[in-house]
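So the structure is just underneath, and the comments pick up after that.
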Amino acid sequence: MGKKRVVVKTKEEVIKETEKREAIIQKVTGKTPKKKKIVEKGRAYIYSTYNNTMITITDRNGNVLACASSGMVGFKGPQKSTPFAASKVAEVVAEKAKRIGMKEIEVLVKGIGTGRDSAIRSLGNKGLEIVSIKDITPIPHNGCRPRKPRRV
């Protein structure tokens with residue numbers, strides 16, 4: 001096996017290698033490699049039902065940057081609708097958002113599931129600053145048309 005040799009490269013050599021790699025990628029795909037997108041402010045949509053909890057993080061324009069659900073995290077069956085599953089989903093999404101560079105989020109909550117509160121708490125505990133929380137659950141104003149009265 002022998003001794004391991006550590007190769008130290010200068011900055012110029014590293015830059016040349018990355019330029020070569022980018023040139024090869026451009027030749028093969030015809031596109032330049034994407035630069036890492038940094039978004040500091042965004043929105044978190046929490047959709048909580050009786051059966052599942054889904055969280056989507058978008059930028060201000062509505063472009064989806066990260067999303068996860070309790071099924072994607074690994075929960076199955078009735079465990080998906082628990083507050084614990086919702087907090088785990090929030091942690092996964094918050095980690096993805098941190099990698100993008102997000103610091104502030106507006107939280108929009110929809111649905112009537114049990115995981116609403118724990119998801120909001122987990123987003124805050126993971127280091128994202130929550131600017132506002134808004135409930136956008138659809139509520140019927142007058143409901144559907146009633147049945148006609150029965151004639152006897």
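Return yes when Phe84 is over 12 Å from Leu123 (Cβ atoms) and open to solvent by 100 Å² or more (accessible area, probe 1.4 Å) and no when it is not. Spelling it out, Phe84 is indeed over 12 Å from Leu123 (Cβ atoms) and open to solvent by 100 Å² or more (accessible area, probe 1.4 Å).
Among the criteria (1) open to solvent by less than 60 Å² (accessible area, probe 1.4 Å); (2) in a loop (DSSP other than H, G, I, E, B); (3) among the hydrophobic types (A, V, I, L, M, F, W, C), the one Cys144 does not fulfil is (1).
Results for (1) among the charged types (D, E, K, R); (2) closer than 18 Å to Tyr47 by Cβ; (3) touching a Leu at 6+ places or on another chain (Cβ under 9 Å), shown as yes or no for each residue.
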position	(1), (2), (3)
Arg99	yes, no, no
Lys110	yes, yes, no
Arg116	yes, yes, no
Leu123	no, yes, no
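In the stretch 136-152, the residues that are at negative phi form Cβ pairs under 9 Å with partners that are of a type outside the set (Lys, Arg) and open to solvent by 100 Å² or more (accessible area, probe 1.4 Å), at six or more places apart or across chains, as follows: Thr137/Ile112.
Spot the failing condition for Val109; the list is (1) over 30 Å from Ile38 (Cβ atoms); (2) assigned to a strand (DSSP E or B); (3) not aromatic (Phe, Trp, Tyr), and only one is missed. With (1) over 30 Å from Ile38 (Cβ atoms); (2) assigned to a strand (DSSP E or B); (3) not aromatic (Phe, Trp, Tyr) applied to Val109, the lone miss is (1).
The lone criterion from (1) on the phi > 0 side of the Ramachandran plot; (2) open to solvent by less than 40 Å² (accessible area, probe 1.4 Å) left unmet by Gly74 is number (2). Taken over the stretch 91-100, the criterion of being open to solvent by 50 Å² or more (accessible area, probe 1.4 Å) and not charged (D, E, K, R) is satisfied by Val92 alone. The helices (runs of 4 or more DSSP H) located wholly in the stretch 1-100 include none with 1 or more residues which are more than 23 Å from Pro138 (Cβ to Cβ), among the aromatic types (Phe, Trp, Tyr) and touching a residue at least 40 places away in the same chain (Cβ under 8 Å).
Considering the stretch 125-141, and only residues there that are outside any strand (DSSP E or B) and β-branched (Val, Ile, Thr), the residue that is surrounded by the fewest Cβ atoms within 10 Å (Cβ to Cβ) turns out to be Ile139.
Scan the stretch 101-124 and give yes if some residue there is surrounded by fewer than 19 Cβ atoms within 10 Å (Cβ to Cβ), farther than 22 Å from Pro138 by Cα, of a type in the set (Val, Ile, Thr) and touching a residue at least 12 places away in the same chain (Cβ under 8 Å), otherwise no. Within the stretch 101-124, not a single residue is surrounded by fewer than 19 Cβ atoms within 10 Å (Cβ to Cβ), farther than 22 Å from Pro138 by Cα, of a type in the set (Val, Ile, Thr) and touching a residue at least 12 places away in the same chain (Cβ under 8 Å).
The values are calculated or read from the model by the stated rules, or taken from the named source; none is laboratory data. These numbers were taken from a predicted model, which means no experiment stands behind them. Ideal geometry is used to build each Cβ from the backbone, glycine not excepted, and the neighbour counts take in all protein chains shown. SASA here: full protein model, heavy atoms, side chains in, ligands and nucleic acids out. Shrake-Rupley method; radii C 1.70, N 1.55, O 1.52, S 1.80 Å.
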